[in-house]
């Protein structure tokens, strides 16, 4: 991309953080700074780069999307990351949410069911020098048992219920954020494990692509 175009995208990224995130109640300074630095336009096709900082999802192929910036910021804020956590991400997609998590956590293990998206995300993250992220292809609803337990879990696809394997892989004191509901509409849900108990609360309406596989939708 030409230098002038990159500069314009940089200004749009600043505007995105100020107008779409901070003004809408995102107060976590670390999340805001990460999204101020990470070039979202690198995670979409070049022809869509001009709209990368608008407040809506964008297609990334394979019937999947990159979430709107506000939802990325909201879900990340709800995790309350300090920088010491090992995070499981279900649904790598474009790798943008993965990059944000990588900037804020110690280690990120990300699962993507579609090999082509996984490989593209891996290449983009490597090109940006993100070195604390590991991506594998598989059914994200089953989690990543070899790496469990996880301090935080973020699920970027909507399922009909909370997958039991993900609850099992959540560490004591851990927190999971995921959309739960119908295939058309979900409620952003926060799950916490504290004192051996599992607690949940709702954090607003949302709409994600479907979580597919065992403990999720069939297709």
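Some notes on this structure:
- Those residues of the stretch 96-152 which are in contact with a helix residue (DSSP H, G or I) (Cβ under 6 Å, 6 or more places away or on another chain) and surrounded by fewer than 17 Cβ atoms within 10 Å (Cβ to Cβ), in sequence order: 132, 137
- Considered as a group, the residues in the stretch 153-175 that are buried (at least 21 other Cβ atoms within 10 Å of the Cβ), over 14 Å from residue 109 (Cβ atoms) and modelled with pLDDT of 95 or more include one that is farthest from the chain's Cα centre (by Cα), and that residue is 163.
- Selection status of residue 23, assigned to a helix (DSSP H, G or I) and touching a helix residue (DSSP H, G or I) at 6+ places or on another chain (Cβ under 9 Å): no
- Restricting attention to the stretch 184-194, the residues that are loosely packed, with under 11 Cβ neighbours inside 10 Å and at pLDDT 90 or above total 0.
- Scanning the stretch 34-56 for residues that are part of a loop (DSSP other than H, G, I, E, B), touching a helix residue (DSSP H, G or I) at 6+ places or on another chain (Cβ under 6 Å) and under 13 Å from residue 10 (Cβ atoms) gives 38, 52, 53.
- Number of the exception - residue 31 against (1) surrounded by 16 or more Cβ atoms within 10 Å (Cβ to Cβ); (2) at pLDDT below 95; (3) within 16 Å of the chain's Cα centre (by Cα): (2)
- Scanning the stretch 163-203 for residues that are touching a helix residue (DSSP H, G or I) at 6+ places or on another chain (Cβ under 9 Å), free of Cβ contacts under 8 Å to residues at least 60 places away in the same chain and farther than 15 Å from residue 140 by Cα gives 191, 193, 198.
The values are calculated or read from the model by the stated rules, or taken from the named source; none is laboratory data. Worth saying up front: this structure is predicted, and the values here are computed from it rather than measured. All Cβ positions, glycine included, derive from the backbone under ideal geometry; neighbour counts span all protein chains shown.
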